[in-house]
Amino acid sequence: MDAVRVNWQLKALLPVVFVLLVGLLLFTAATVSFRDPERHAVLFVAGAGAVIICAVSIGVLAYLIHKPMVELQEKVALISEGNLDVSVSFSRRNDEIGDLGRNFNHMMQQLRESRKEIETMHRTQMSRAEHLATLGELAAGLAHEIRNPLAGIAGVFEIIGRDLPATSPARAMVKDVRLEINQINRILTDLLETARPHPPQMMRSNLNTTVEHAVMLARLQVLSQPIKIELEQAPDLAEVEHDSDRIHQVLLNLLLNAVQAMDGAGTVRVVIGEREDCASVTVSDTGRGIPEDRLASIFRPFYTTRGNGTGLGLSLVRRIVEDHHGRIDVTSVVGKGSTFEVLLPFIVPAGHNEDA
């Protein structure tokens, strides 16, 4: 059976009534030697005093405790209906009840701020979802329309390049056309990858190997530039459950971005480690840096600060990392460089495949 509910006023008055009754009994015993008229008068005064004390106690409790509790109950009822724009008036009191009121009002202020932040994040996510849905429709309609004739153009230029004399200056132009065709293909691939993502194929493997492969390819890209790419591996790192192809894509994208962020000589440093019970890969550069007001936008699709960029690279990077139940953090100082840190759990949480 549930415990019997007893009104709080009764709980507060019971000790007072008990003490008064005991006092009356002792007082009655002490007045046994009095004559009856005097004894009755004294007992009447004592009883009246006890009643007055109980009445005053009830009034004081009603004013000091009952009224604030009723107000608090009303405010809690409003909160349960979804109204967070409430506060209690007894927070101005300089006692424990006032402390309760101030803590309640502070809690409500924090809840209002949290709700505002959640609503802002929801609007951002909805905008991102709408953006990606539009992108999917665009990619589905354009991919085949562009890629098929592009493959034909590439084949024609391949034939032309073979037929040209070795000394012909047109060979350089054919090479440039091939590079441009490859650039268009890369843009289409990024567009399709963003619009129609595929779930990662998870396997436990050595993250050092994945990172080393990406660093090797990035070094080939900067052979003719005064840029140094350093790698610090973690030989004792436990195997990480990840899609090596996708994480390779993430790291290569970050490395090429770091290279493009440097004007002239510079250093890109890649460090593998462990943080927050996750495997960590940081990519730091000594480039131009990113202004603070742009950091929140760099992972948005189509946002780019380069004239020849597509704005899809970092968007893909974040999505791939999130598909691995990880996260990517960035810090940057203008004129000194940027640092991107990818955190991946060693084991993907259960239910990942179902979520994908």
>> I'm told Val281 meets every condition in (1) more than 15 Å from Val342 (Cβ to Cβ); (2) in contact (Cβ under 8 Å) with a residue 24 or more places away in the chain except one. Can you identify the failing condition by its number?
In response: (1)
> Looking at the stretch 112-130, which of its residues are within 25 Å of Val86 (Cα to Cα) and aliphatic (A, V, I, L, M)?
Replying inline: Ile118, Met121
>> Can you confirm whether Ser297 is under 20 Å from the mean Cα position of the chain (by Cα), of a type in the set (S, T, N, Q), assigned by TED's automatic domain parsing to the domain that holds Ser244 and at pLDDT below 90?
In response: yes
> Checking Gln183 against (1) over 20 Å from Arg318 (Cα atoms); (2) in contact with a helix residue (DSSP H, G or I) (Cβ under 8 Å, 6 or more places away or on another chain); (3) of a type outside the set (Gly, Ala, Ser); (4) outside the structural domain of Leu343 (by TED's automatic domain parsing), which single condition isn't satisfied?
Replying inline: (2)
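Conditions tested, residue by residue: (1) loosely packed, with under 12 Cβ neighbours inside 10 Å; (2) within 28 Å of Ile347 (Cα to Cα); (3) assigned by TED's automatic domain parsing to the domain that holds Leu314; (4) modelled with pLDDT under 90.
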residue: Leu220; (1), (2), (3), (4): yes, no, yes, yes
residue: Ser224; (1), (2), (3), (4): yes, no, yes, yes
residue: Leu231; (1), (2), (3), (4): no, yes, yes, no
residue: Leu237; (1), (2), (3), (4): no, yes, yes, no
residue: Val240; (1), (2), (3), (4): no, yes, yes, no
residue: Ser244; (1), (2), (3), (4): no, yes, yes, no
residue: Leu251; (1), (2), (3), (4): no, yes, yes, no
residue: Gln260; (1), (2), (3), (4): no, no, yes, yes
residue: Gly264; (1), (2), (3), (4): yes, no, yes, yes
> Restricting attention to the stretch 42-60, does a residue exist that is in contact with a Ser or Thr (Cβ under 7 Å, 6 or more places away or on another chain) and at pLDDT below 75?
Replying inline: yes
>> Residues that are in contact with a strand residue (DSSP E or B) (Cβ under 8 Å, 6 or more places away or on another chain), closer than 15 Å to Arg318 by Cα and buried (at least 17 other Cβ atoms within 10 Å of the Cβ): does the stretch 198-214 have at least one?
In response: yes
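Filtering the stretch 95-138 down to residues that are hydroxyl-bearing (Ser, Thr, Tyr) and under 16 Å from the mean Cα position of the chain (by Cα), which residue is nearest to Ile298 (Cα to Cα)? Give the derivation first.
Of all residues in the stretch 95-138, those hydroxyl-bearing (Ser, Thr, Tyr) come to 114, 120, 124, 127, 134.
Filter once more, so that each one left must be under 16 Å from the mean Cα position of the chain (by Cα): 114, 120, 124.
Details: Ser114: 24, Thr120: 18, Thr124: 14 Å.
Filtering the stretch 95-138 for residues that are hydroxyl-bearing (Ser, Thr, Tyr) and under 16 Å from the mean Cα position of the chain (by Cα), the one nearest to Ile298 (Cα to Cα) comes out as Thr124.
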>> Condition first: in a loop (DSSP other than H, G, I, E, B), surrounded by fewer than 12 Cβ atoms within 10 Å (Cβ to Cβ) and within 32 Å of the chain's Cα centre (by Cα). Now tell me which residues in the stretch 80-94 satisfy that.
In response: Glu81, Gly82, Asn83, Asp85
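The values are calculated or read from the model by the stated rules, or taken from the named source; none is laboratory data. This one's a predicted model, so the numbers in the text were calculated from it and none came from an experiment. Note: ideal-geometry Cβ built from the backbone for every residue, glycine included; neighbour counts use all protein chains shown.
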